[in-house]
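Here is the structure we will look at, set down as structure tokens.
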Amino acid sequence: MDIGSAMNAMRDVAGLPAHPIIFQILMIFTWIFHIAFVHIALGAAGVAIYGYHNRHKNPHWERLSLAMIKVAKVSVSLLIVLGVAPLLFTQVIYDPQWYASNVLSAAWAIGFIFTLIIAYCLWFIFYYFNHGVLRPNLIGYAWIALALFCLDGLIMHTLSYQAILPGEWMNWYAPDGVLDMSGSKLHAIQWIRYLFIISLSAPIIGLFLIAYAQYFAIRDDFAPEYRQFAKDLGQTLTTVGFGIAAILFLGWQFNHSSATNLVLHPLGWLIFIALIGMVFAAQRFATKLHGYLPLVGGLGVLTLLAIWREIIRIEYLRPFGYFITEYSVNVDLPSIMLFFATLIGLGGTVGGFYLTLLYQAGQTQGHYTATKLVDKLGTFAIAILTLWIITFFTYGIVIWLANYFIV
Amino acid sequence: MDVVGMYPTWYVPNIGTAWVMGIIGVIHVVASHTAVGAAFLFAFLETKAYQENAPQLLNFIKKYGMFLLVFSYIIGSITGPGIWYAISVASPRGVGGLIHNFVWIWAAEWVFFTVEVIGVYALIYLLGKIDAKTHLKLTWSFALASWGTMLLIVGILSFMLWPGNENWYQTGSTNDAFFNLNFFAHLGIRTGSMLVIATLVGLMVASTEKELALKASVVKFLAPIGLGGGFFAVMMFLYYIRTIPDNSVEMLHAHLLPVYEYAMIAVFIAATLYLSFAWWQPKYLSTPLAIGMFLFISIFGVWPEERIRESMRKPYVVGQYVYSNQIISRDVPGKNITGEVDKIAKKGLLALHPFIPQRLRVITDNNRLEVGKLLATIACSNCHALEPGAPLRNIPDKLHRATDADMIAAFLTGALRHGAQPYMPRIDLPEAEIQAIAHYLAAVNQGQNVKRLIVEQRAAAIKMQVAN
């Protein structure tokens, strides 16, 4: 049976509630933040472990390690929650590919959940017992946690990669015509792609460290020597990290299926140039620029990567006749309005309140008293939430009554 | 090309994918209900601390918050997507149906969820480090945002059971799907339950408190909230079962209540006695008792609840238009959806399913057993294990270990073909496919080594092919 026709039949029969391009843009956009926190989490975990092993050589390592343990812990929470959105939007427009790939490696998809729970708990134990000072004999927790985080990354990579190889699905599901419904194998791993994406953890945490040094410049309890130490480390990681990533990217660039012609695609080469550009930028400008600016550059690289992933997917699926623009559309305006109103209204005010509060409180040594802006934002956040809930119930009750008692 | 959009099948022997989903679901329900409930308990406690100038209560919040962070936000935030993964591999068309109906609702829930995760860190780490008024605003906004996630997910979960009337099938509107008949009842159950579970977690933390006055004050504050929440949840449950469809009522009375009724009543009585005792004699609340009761109530209370909720949907997984076995059961004009049962009845799964190996598309003497097994797995394994004695409603036991293929075929061509069993899907297949399933099930019930027989028959078929 032709897999291209099958994929089109496997699309959800309900169609899409908005134009597919909207979901595509949201999928790309939200993945940028997800992968940024993946890199921060892995990079912070790496620095924390390295710092732990070197804590006797230099006291700054101990302090930085303690900070990075916390950063990794919070980042894993954020990467999970931020990963929900791209996962959701992927399932909207690439449901046949995503579900087929998951079913074919189902045991691993489920294993992902449990290994992630174990990894996070181990990291939390590492964090919990390393308050204020690094204690001996705990590093095993961190190493196992980091190894499991990397394994989870590999599982996610495999599920994504298998999804764009529909021509192989039947061979994996029924090799030589004999069915295997166990879902117990990871069928296709593109190691160079996986290594490239994981390698970005080093330069991204490098950029984070440069911003970290800048953020705490205002606080007296962060001595200039310590901040300089963090910044220097950040610069080294950024320079070396982007350099290694550029080499790996080159390997990936020549590893695409020859049928796709992706090797000649300008965006791929633009990413390569951007990676090299970041190496030189980190070397030359990091000391002159504001500490947050390099982070913006890193976000730019990740944005290009997010778009590149989507172009790769499009090109791999093109020969099978799968195009998201051919998905049937049944526009559902009320729920579209609900999302965007919630994103802008609630995400903007409540999220804005939390982030501003955290930002300002973090820069304050000792007790923090809210500024007028934060105070107003807090009041506004509660007001918006209350209004949202009242509107939700009023609207819902009207529909509910109309459907069950009037119509 | 004539094809139905079915996916490959993941088969988990004995427990099926249903239990995999159930196990992750129970962990998630306990964790997420704790998270939302605790958010409100935080807000109440902190308001009390603020109004009564009782900063010692803030220490309890800090302690409780740390536990909450580890338990709810680590476990809950991972098992949330975990349920997604589980239903993706167990019922890909089911979850696809939900996502394509509710993507914007889910996306809105994600906004709340993101805010919530940032909020929980802010709440715990800024406690005592910022002014009390601002922290109180933070805590209340966190509680409201947490409840927001519940408001949004409950509409989707209750639609899984059914929309409640014909409107949605005609309009296809998310409004009609989301604010379905049992939405408010379901929301009530979950809101009450979240207060109970959060109270149980709160008592666990309070039981470790060494300062007796603080311990008593916290327990006396929490216990009545848990009791009230439990009472409200039970009332809403009684209302809820008035809002469910006929097939669910049938399933409830025929299969579920006989198994779970006494366990549920026992959990309710035990929880009420425990919370009343804690309220009355808070100083005697010990940590082993608190942990034991938490485990008892969350396992023996939530597992039956999740099993009942999942089983009551049978034979559907979504909105009474997607069968558990992933086949679209009916037309939904509002979404231009056409039912697939008749098409499959005419042409057969072997011809229409995209993931059938070519050598099994035509039934022969040398592959009948294998085809029968394959078809039984596709059509039945979402709800039934295929192994005799297995815990997931295993088919051999359901068929009373019948060894006569004709008798099994008679059931398949009778009640099942005509959809006469209210909690079973209408499975109407061509005669040859029915015979293959019956042949396979009879062989299993006869205690034959089906795996070995299939291997032998496959070898024989290859031999014949080579000879020809």
Quiz prompt | Spatial separation of Cα centroids for the stretch A:176-223 and the stretch B:282-355, in angstrom | solution = 35 Å
Quiz item: Using the 10 angstrom Cβ neighbour count as an exposure proxy, how do B:Arg393, A:Arg318, B:Arg313, A:Arg63 rank, fewest first?
Solution: A:Arg318, B:Arg393, A:Arg63, B:Arg313
Quiz item: Given the options A:Val38, A:Val71, A:Val178, which has the most mean-square fluctuation in a GNM of chain A, springs set between C-alpha atoms less than 10 angstrom apart?
Solution: A:Val178
Quiz item: Between A:Ile144 and B:Asp2, what FRET efficiency follows from the Cβ-Cβ distance if R0 is 41 Å, with the result rounded to 0.05?
Solution: 0.20
Exercise. Note the per residue figure in Å³ for the convex hull of the C-alpha positions in the stretch B:236-340.
Key: 137 Å³
Self-check item: Distance from the stretch B:92-121 to the stretch A:256-323 (C-alpha centre basis), Å
Solution: 28 Å
Quiz item: Using modelled backbone amide H atoms (1.01 Å from N, in-plane), which distant-in-sequence or interchain residues come within less than 5 Å of B:Val317's amide H?
Solution: B:Val322, B:Tyr323, B:Ser324
Self-check item: Per-selection Rg to Rh, the stretch A:207-290 - Cα, Kirkwood hydrodynamic radius
Solution: 1.18
Quiz item: What translational D, rounded to a whole number of µm²/s, comes out for the stretch B:100-259 from Stokes-Einstein when the hydrodynamic radius is the Kirkwood one over Cα pairs, at 37 °C and 0.692 mPa s?
Solution: 179 µm²/s
Exercise. Can you bin the stretch A:1-159 into rounded, prolate or oblate? Criterion: square roots of the alpha carbon gyration tensor eigenvalues sorted a ≥ b ≥ c, rounded for a/c under 1.5, prolate for a/b above b/c, oblate for the rest.
Key: prolate
Quiz item: Counting pairs of alpha carbon atoms under 8 Å apart in space and at least six apart in sequence, what relative contact order in percent does the stretch A:3-331 give?
Solution: 25 percent
Practice problem: Convert each backbone phi in the stretch A:174-181 into a coupling constant with the Karplus relation 6.51 cos²θ - 1.76 cosθ + 1.60 (shift: θ = phi - 60°), then list the ³J(HN,Hα) values in order as whole Hz, x for Gly and Pro. | Solution: 9, x, 6, x, 9, 5, 10, 9
Quiz item: If the limit is 30 Å between Cα atoms, which of A:Lys70/A:Lys231; A:Lys73/B:Lys129; A:Lys73/B:Lys133; A:Lys57/B:Lys62; B:Lys129/B:Lys210 go over it?
Solution: A:Lys57/B:Lys62
Quiz item: Could you list log10 I(q)/I(0) for the protein assembly as shown at q = 0.07, 0.08 Å⁻¹, which the Debye formula gives when each Cα is one point scatterer?
Solution: -0.59, -0.77
Quiz item: Just how many % of Cα pairs in the stretch B:184-283 lie over 15 Å apart, if you round to the nearest whole percent?
Solution: 66 percent
Quiz prompt | Sequence of A:Asp232, A:Asp95, B:Asp428 once ranked by neighbouring C-beta atoms within 10 Å, starting from the fewest | solution = A:Asp232, B:Asp428, A:Asp95
Self-check item: When the stretch A:333-407 is reduced to its Cα atoms, the Kirkwood hydrodynamic radius in Å
Solution: 14.5 Å
Practice problem: Name the lysines eligible as straight-distance cross-link partners of B:Lys373: C-alpha to C-alpha under 28 Å, and not fewer than 8 places from it in the same chain. | Solution: A:Lys185, B:Lys314, B:Lys343, B:Lys346, B:Lys347, B:Lys398, B:Lys451, B:Lys463
Quiz prompt | Tail weight of P(r) past 18 Å, computed on alpha-carbon pairs of the stretch A:262-310, percent | solution = 34 percent
Quiz item: Any idea what Rg and Dmax come out to for the stretch B:16-323 if you just take the C-alpha atoms, in Å?
Solution: 19.7, 62
Practice problem: Could you go through the stretch A:37-50 in sequence order and give the Karplus-derived ³J(HN,Hα) for each residue, using 6.51 cos²θ - 1.76 cosθ + 1.60 with θ = phi - 60°, rounded to whole Hz, and x for Gly and Pro? | Solution: 6, 4, 5, 5, 4, 5, x, 5, 4, x, 5, 4, 5, 4
Self-check item: Cα pair distances exceeding 14 angstrom across the stretch A:317-373, given as percent
Solution: 72 percent
Exercise. Apply the Kirkwood formula to the stretch A:44-127: the hydrodynamic radius equals the inverse of the mean of 1/r over all pairs of different alpha-carbon atoms; give it in Å with one decimal.
Key: 15.0 Å
Quiz item: Given chain A reduced to its alpha-carbon atoms as identical point scatterers, what log10 I(q)/I(0) does the Debye formula return at q = 0.09, 0.12 Å⁻¹?
Solution: -0.67, -1.13
Quiz item: So what does the Cα-only Debye profile of the stretch A:1-43 read at q = 0.27 Å⁻¹, as log10 I(q)/I(0), no solvent term?
Solution: -0.90
Self-check item: Dipole of the protein assembly as shown, positive direction: furthest Cα of B:Val341, B:Ile454, B:Val103, with charges on the beta-carbon
Solution: B:Val103
Exercise. Using only the C-alpha atoms of the stretch B:360-440, find the volume of their convex hull and express it per residue in Å³.
Key: 89 Å³
Self-check item: Convex hull projection area averaged over all views, the stretch A:159-225, Cα basis, nm²
Solution: 7.6 nm²
Quiz item: Can you list the residues, at least 5 places off or on another chain, whose amide H is less than 5 Å from the amide H of B:Val332, using H built in the peptide plane?
Solution: B:Ile337, B:Thr338, B:Gly339
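None of the figures in this text is laboratory data; all of them are computed from the coordinates on show. Computed from a prediction, not measured in an experiment: that's the story for all the values here. Cβ: placed from backbone, ideal geometry, glycine included. Neighbour counts: every protein chain shown.
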